Ligand SMILES: [Zn+2]
């Protein structure tokens, strides 16, 4: 649906951090928000996104000891440096865009360390705060593990002001299923360090395999702390062990097992599970969502289920028969949905018109963008 994938990198993208005078615009107990002179930033919106991110990361990784610098990146900065740093075309994968990153503090007084965020997005903030916490602890982790952990914790949804970690990252799952890596590739990727200027494709694959290995470690010990997952890895840190873990994660039915979370008694878990599933482009995933939609009573979760099935319909080339069945329940859910947020209600109205074929492509894209919190991952 969106040709451009969002990336969250801990690259050494120091260009945007260097030589610019960032100005503090808001200070809270845990963080200070900075922006560049001349740019305005929606402070309330950032605060709403950051608070659940801090709670989620501190719950899992311990409290931050120092106030964290958060830099609000301007989406379309003039001058080019930032723009260049944010766009990449990844061979074999396509265009991707860096929308957030973390820079470790250095001795260079002209370079600000901290978190850089293009928009007030809790998932992106969680991802980058994982890097910030690791940096603060001074732990030396392999790049793949740190990125994998950041992706795992950064995948989820905000439900009633809380970040629910889901952990199933649909994009890497699909890419790793489509492209099998050789042992030589795997060995090379496991050895990539943050300070290496790895080619962008390798850097992306480091994120993918990192997520796949961490996902397996987490499935094995769901209630363990992150450092226990790391210890479990270190007990057998061979390429063969990495391969076995990746294979388990990308096995055909792994997402079907994971989607059992759609029956969790906590609606936040169900919401986080449904969100983003369209990226699997899988008819079996859509079937599972649809089955849940039949029983689901919580309106936010119902809406997320319907919207993700709808987008899957456009992505997965479902058969006419499948559509016939999917369509009835999905359309009636979207028709009867009632969204409290006025902007979301307006986007929903546009989606309804789009379904009747009465909008331009640009309008329907805008409509879906306005509902991103239900489907974007
Ligand atoms: Zn990262």
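Coordinate-derived values only; no laboratory data. All figures in this text were calculated on a predicted structure; none of them were measured in a lab. Methodologically, a virtual Cβ is constructed for each residue, glycine included, from the backbone with ideal geometry; neighbour enumeration extends over all protein chains shown.
Taking label points 7 Å from Cα along the Cα-to-Cβ direction, residue 231 and residue 47 give a separation of 4.0 nm. Here each label is just a point 7 Å from Cα along the line to Cβ, and for residue 106 and residue 331 those points are 5.8 nm apart. For the pair residue 256 and residue 353, a Förster radius of 41 Å applied to the C-beta separation gives a FRET efficiency near 0.75, rounded to the nearest 0.05.
Listed peptides 234-240, 200-206 appear in the order 200-206, 234-240 once ranked by packing, highest mean of other Cβ atoms within 10 Å at the front. Here the spin labels are modelled as points 7 Å beyond Cα on the Cα-Cβ line, and at residue 369 and residue 162 they lie 3.2 nm apart.
Neighbour counts of C-beta atoms inside 10 Å place 39, 159 in the sequence 39, 159, starting with the fewest. Length available on full extension from residue 185 to residue 55: 0.36 nm per residue minus the Cα-Cα distance, which gives 43.1 nm. Cut-off 10 angstrom, C-alpha nodes, Gaussian network model of the chain. Which of 207, 227, 127 fluctuates the most? Looking only at 207, 227, 127, the biggest GNM fluctuation is shown by 227.
Structure remark: mean-square fluctuation, Gaussian network model of the chain, C-alpha springs under 10 Å; the largest value among 150, 218, 306 belongs to 218. Per-residue ellipticity at 222 nm from helix content only, as computed over the chain with -39500 (n - 2.57) for each DSSP H run of at least four residues, stands at -16500 deg cm²/dmol. Only Cα pairs under 8 Å and 6+ residues apart enter the sum, and on that basis the relative contact order of segment 256-375 stands at 25 percent. When only Cα pairs below 8 angstrom with a gap of at least 6 residues are kept, the chain shows a relative contact order of 13 percent.
By the Cα gyration tensor, the chain has an equivalent ellipsoid whose semi-axes, rounded to whole angstrom, run 32, 26, 20 from largest to smallest. For the pair residue 140 and residue 297, the difference between a 0.36 nm per residue extended length and the Cα-Cα distance amounts to 52.0 nm. Computed extension length for residue 248-residue 219: 9.4 nm, one decimal, from 0.36 nm per residue of separation with the Cα-Cα distance subtracted. Using Cα springs under 10 Å in a Gaussian network model of the chain, which residue among 46, 145, 331 shows the largest mean-square fluctuation? Evaluated over the chain, the most mobile residue of the options is 331. From the alpha carbon centroid of segment 155-191 to that of segment 301-344 is 25 Å. Report note on the peptides 189-195, 177-183: ranked by the mean count of other C-beta atoms within 10 Å, highest first, their order is 189-195, 177-183.
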